[in-house]
Amino acid sequence: MKNIELLVLDMAGTTINEDNVVYKTLMNAVNNYGYQVSLEKVLHSCAGKEKLEAIRSLLKEIDGNEDESLAIFENFSDTLKEAYQNLEVKPITGVENFLLKMRAQNKKIVLNTGYTSEIAQQLLDKLGWKENVHYDALITADDVSESRPSPEMIHLAMKKFNINSPDKVLKAGDSVIDIEEGKNAGCGLTIGVLSGAQNKAELEKSNPDFIFNTISEAEKILI
């Protein structure tokens, strides 16, 4: 049982259910440029990454033209904004309660994501989640110079709340990139969840300390 003071939780697929709209939109944006990538391929290659970086690495993998990355990213961002406006966004089952319980125990909750802050904020507004009620801070790819799996977002979260030892930090997410980010930061606990982009076999490759169906199951190891 670790003394965890800070929980750094990924958003889509970990705390928020948005029906993989991000990855479906990314797939369409890439395929609009004449490629034929499957959703499975996109989930495998892009999950958890900052999205411009994700598009660039995907094009590299499929021998595409990396010079198209920025145009595809802009197409993706515009379409996603629109998709989110029409989408019903829900918390992953049990998560809202979990966040409130953790904060009641004076643990800090930081939501972190490979999205832009505009898109992340749009999701939170749709959920009606408020800073200092459901979470303590939002940190996005916009806030750091190096995106996941760099530990920069976690370091920023620690700095914000004056936590000096990464051993007191839990990082959870639905992708290998999330787990790698946690390990690169030296987090005391890394947790993979099966409520999002990647399956158990994929998550196991990154050797998280635990794999749970949803993040709320972490309650039993934190009480």
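Taken together, the values in this text are just the output of simple stated rules run on the coordinates, not laboratory data. Predicted, not measured: the structure shown is a model, and the values here were computed from it. Methodologically, a virtual Cβ is constructed for each residue, glycine included, from the backbone with ideal geometry; neighbour enumeration extends over all protein chains shown.
With a ≥ b ≥ c the root eigenvalues of the C-alpha gyration tensor of the stretch 123-208, is it rounded (a/c under 1.5), prolate (a/b larger than b/c) or oblate? Oblate shape, in that a/c is at least 1.5 and b/c is the bigger or equal ratio.
When only Cα pairs below 8 angstrom with a gap of at least 6 residues are kept, the stretch 1-129 shows a relative contact order of 39 percent.
Using a ≥ b ≥ c from the Cα gyration tensor of the stretch 67-171 (square roots of the eigenvalues), is it rounded, prolate or oblate, where a/c under 1.5 gives rounded and otherwise the larger of a/b and b/c decides, a/b for prolate? Oblate, since a/c reaches 1.5 and b/c is not below a/b. Would you mind checking LYS126/LYS220; LYS49/LYS183; LYS130/LYS183; LYS90/LYS220 for any pair whose Cα atoms are more than 27 angstrom apart? Over 27 Å Cα-Cα: LYS126/LYS220; LYS130/LYS183. For every helix of n ≥ 4 consecutive DSSP H residues, a contribution of -39,500 (n - 2.57) applies; sum these over the chain, divide by its total residues, and give [θ] at 222 nm rounded to the nearest 500 deg cm²/dmol. Counting only the DSSP helices, I get -12500 deg cm²/dmol.
Ranked by the mean number of other Cβ atoms within 10 Å per residue, highest first, peptides 179-188, 136-145 order as 179-188, 136-145.
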